[in-house]
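Q: Supplied in C-alpha coordinates, the structure appears directly below.
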(Lines give C-alpha, C1' and ligand atoms only; values in the text may rest on other atoms or scores of the structure.)
Protein backbone atom coordinates (compact mmCIF):
# COMPACT_ATOMS: atom_id res chain seq x y z
CA UNK A 1 0.00 0.00 0.00
CA UNK A 2 2.85 2.38 0.86
CA UNK A 3 4.41 1.79 -2.57
CA UNK A 4 1.11 2.61 -4.30
CA UNK A 5 0.71 5.84 -2.31
CA UNK A 6 4.35 6.79 -2.98
CA UNK A 7 3.91 6.16 -6.71
CA UNK A 8 0.74 8.26 -6.75
CA UNK A 9 2.49 11.10 -4.92
CA UNK A 10 5.44 11.02 -7.31
CA UNK A 11 3.05 10.98 -10.29
CA UNK A 12 1.20 14.04 -8.98
CA UNK A 13 4.44 15.88 -8.32
CA UNK A 14 5.66 15.22 -11.85
CA UNK A 15 2.42 16.26 -13.56
CA UNK A 16 3.02 19.01 -16.09
CA UNK A 17 2.01 22.51 -15.02
CA UNK A 18 -0.47 22.56 -17.93
CA UNK A 19 -2.56 19.94 -16.16
CA UNK A 20 -2.32 21.77 -12.84
CA UNK A 21 -3.43 25.02 -14.53
CA UNK A 22 -6.92 23.53 -14.89
CA UNK A 23 -7.19 23.89 -11.12
CA UNK A 24 -6.11 27.57 -11.07
CA UNK A 25 -8.65 30.08 -9.83
CA UNK A 26 -9.57 32.93 -12.19
CA UNK A 27 -7.52 35.35 -10.03
CA UNK A 28 -4.49 33.02 -10.13
CA UNK A 29 -4.78 32.63 -13.92
CA UNK A 30 -4.87 36.42 -14.35
CA UNK A 31 -1.92 36.80 -11.98
CA UNK A 32 0.09 34.32 -14.06
CA UNK A 33 -0.71 36.24 -17.26
CA UNK A 34 0.41 39.52 -15.66
CA UNK A 35 3.64 37.89 -14.43
CA UNK A 36 4.33 36.51 -17.92
CA UNK A 37 3.93 40.01 -19.42
CA UNK A 38 6.13 41.54 -16.71
CA UNK A 39 8.80 38.96 -17.64
CA UNK A 40 8.44 39.75 -21.39
CA UNK A 41 8.21 35.97 -21.89
CA UNK A 42 6.20 35.28 -25.04
CA UNK A 43 6.17 31.50 -24.53
CA UNK A 44 4.89 31.92 -20.98
CA UNK A 45 2.27 34.43 -22.17
CA UNK A 46 1.04 31.98 -24.78
CA UNK A 47 0.89 29.14 -22.23
CA UNK A 48 -1.38 31.33 -20.08
CA UNK A 49 -3.89 31.49 -22.95
CA UNK A 50 -6.35 28.67 -23.70
CA UNK A 51 -5.99 26.57 -26.85
CA UNK A 52 -8.44 28.79 -28.75
CA UNK A 53 -8.02 32.27 -27.26
CA UNK A 54 -9.37 35.65 -28.29
CA UNK A 55 -7.47 38.88 -27.62
CA UNK A 56 -9.07 42.20 -28.42
CA UNK A 57 -8.08 45.82 -28.05
CA UNK A 58 -11.59 47.21 -28.21
CA UNK A 59 -10.83 49.69 -30.99
CA UNK A 60 -9.63 46.84 -33.23
CA UNK A 61 -10.94 43.56 -34.57
CA UNK A 62 -10.34 40.59 -32.25
CA UNK A 63 -7.30 38.37 -32.73
CA UNK A 64 -8.31 34.72 -32.66
CA UNK A 65 -6.19 31.63 -32.11
CA UNK A 66 -2.76 30.85 -30.72
CA UNK A 67 -0.83 31.44 -33.97
CA UNK A 68 -2.42 34.81 -34.78
CA UNK A 69 -2.02 36.09 -31.24
CA UNK A 70 1.59 34.84 -30.98
CA UNK A 71 2.53 36.59 -34.22
CA UNK A 72 0.93 39.87 -33.10
CA UNK A 73 2.51 39.77 -29.64
CA UNK A 74 5.95 38.83 -31.02
CA UNK A 75 5.91 42.01 -33.12
CA UNK A 76 4.67 44.04 -30.15
CA UNK A 77 7.32 42.70 -27.76
CA UNK A 78 10.19 42.79 -30.29
CA UNK A 79 11.51 46.18 -29.19
CA UNK A 80 10.27 46.10 -25.59
CA UNK A 81 12.86 46.05 -22.83
CA UNK A 82 10.43 46.66 -19.97
CA UNK A 83 6.74 46.10 -19.44
CA UNK A 84 5.19 46.21 -16.00
CA UNK A 85 1.45 45.87 -15.59
CA UNK A 86 0.87 47.84 -12.38
CA UNK A 87 -2.43 46.61 -10.98
CA UNK A 88 -4.47 49.34 -9.27
CA UNK A 89 -7.70 47.37 -8.68
CA UNK A 90 -8.87 43.84 -9.33
CA UNK A 91 -12.32 42.29 -9.19
CA UNK A 92 -13.43 38.74 -9.89
CA UNK A 93 -17.01 37.91 -10.83
CA UNK A 94 -17.48 34.22 -11.55
CA UNK A 95 -14.83 33.33 -14.15
CA UNK A 96 -14.24 36.95 -15.23
CA UNK A 97 -11.34 39.02 -13.89
CA UNK A 98 -11.34 42.82 -14.18
CA UNK A 99 -7.94 44.52 -13.91
CA UNK A 100 -7.57 48.28 -13.66
CA UNK A 101 -3.90 48.98 -14.24
CA UNK A 102 -1.21 51.28 -15.55
CA UNK A 103 1.13 49.74 -18.11
CA UNK A 104 4.67 51.06 -17.55
CA UNK A 105 6.93 50.23 -20.49
CA UNK A 106 10.11 50.92 -22.43
CA UNK A 107 9.80 50.29 -26.16
CA UNK A 108 12.61 51.18 -28.58
CA UNK A 109 14.35 53.01 -25.75
CA UNK A 110 11.34 55.22 -25.01
CA UNK A 111 9.61 55.11 -21.63
CA UNK A 112 5.85 55.48 -21.40
CA UNK A 113 2.79 54.73 -19.30
CA UNK A 114 -0.82 54.10 -20.26
CA UNK A 115 -3.91 53.50 -18.11
CA UNK A 116 -5.76 50.32 -19.11
CA UNK A 117 -8.70 48.21 -18.02
CA UNK A 118 -8.41 44.55 -19.00
CA UNK A 119 -11.21 42.01 -18.76
CA UNK A 120 -10.19 38.35 -18.82
CA UNK A 121 -12.58 35.43 -19.14
CA UNK A 122 -10.95 32.39 -17.60
CA UNK A 123 -11.75 28.82 -18.61
CA UNK A 124 -10.04 25.78 -17.05
CA UNK A 125 -7.32 27.94 -15.54
CA UNK A 126 -6.42 29.69 -18.81
CA UNK A 127 -7.31 33.02 -20.40
CA UNK A 128 -9.98 32.25 -23.00
CA UNK A 129 -10.97 35.85 -23.88
CA UNK A 130 -9.08 39.05 -23.05
CA UNK A 131 -10.55 42.46 -23.83
CA UNK A 132 -8.44 45.60 -23.39
CA UNK A 133 -9.85 49.11 -22.96
CA UNK A 134 -7.46 52.05 -23.30
CA UNK A 135 -7.03 55.26 -25.24
CA UNK A 136 -5.13 54.32 -28.39
CA UNK A 137 -3.91 57.88 -29.03
CA UNK A 138 -2.37 58.00 -25.54
CA UNK A 139 -0.64 54.66 -26.02
CA UNK A 140 0.77 55.61 -29.43
CA UNK A 141 1.96 58.99 -28.14
CA UNK A 142 3.64 57.32 -25.15
CA UNK A 143 5.35 54.89 -27.55
CA UNK A 144 6.58 57.81 -29.64
CA UNK A 145 4.54 56.76 -32.67
CA UNK A 146 2.54 60.02 -32.87
CA UNK A 147 3.59 63.61 -32.17
CA UNK A 148 3.51 64.91 -28.61
CA UNK A 149 0.49 67.02 -27.61
CA UNK A 150 1.37 70.70 -27.29
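The values are calculated or read from the model by the stated rules, or taken from the named source; none is laboratory data. Quantities reported herein were computed from a predicted structural model and do not represent experimental measurements. Positions of Cβ are backbone-derived with ideal geometry, glycine not excepted, and every protein chain shown enters the neighbour counts.
Q: I'm trying to understand the selection: among the residues of the range 24-46, which are surrounded by fewer than 16 Cβ atoms within 10 Å (Cβ to Cβ) and in contact with a helix residue (DSSP H, G or I) (Cβ under 7 Å, 6 or more places away or on another chain)? Working first, answer last.
A: In the first step, residues of the range 24-46 are kept if they are surrounded by fewer than 16 Cβ atoms within 10 Å (Cβ to Cβ); the result is 25, 27-28, 35, 38-41, 43-44.
40, 44 - these are the residues of the range 24-46 that are surrounded by fewer than 16 Cβ atoms within 10 Å (Cβ to Cβ) and in contact with a helix residue (DSSP H, G or I) (Cβ under 7 Å, 6 or more places away or on another chain).
Q: A further question follows. Would you confirm whether any residue within the range 74-88 is outside any strand (DSSP E or B) and under 11 Å from the mean Cα position of the chain (by Cα)? Steps first, answer last, please.
A: Filtering the range 74-88 down to residues outside any strand (DSSP E or B) leaves 74-79.
Remaining after also requiring under 11 Å from the mean Cα position of the chain (by Cα): none.
For the range 74-88, residues outside any strand (DSSP E or B) and under 11 Å from the mean Cα position of the chain (by Cα): absent.
Q: Checking the conditions here, which among 96, 81 is in contact with a strand residue (DSSP E or B) (Cβ under 7 Å, 6 or more places away or on another chain), closer than 18 Å to residue 109 by Cα and at pLDDT 95 or above?
A: Numbers: 96 fails: closer than 18 Å to residue 109 by Cα.
On inspection, the qualifying residue turns out to be 81.
Q: When you look at residue 106, is it in a strand (DSSP E or B), over 15 Å from the mean Cα position of the chain (by Cα) and within 26 Å of residue 47 (Cα to Cα), yes or no?
A: Working: in a strand (DSSP E or B): yes; over 15 Å from the mean Cα position of the chain (by Cα): yes; within 26 Å of residue 47 (Cα to Cα): yes.
Yes, satisfied.
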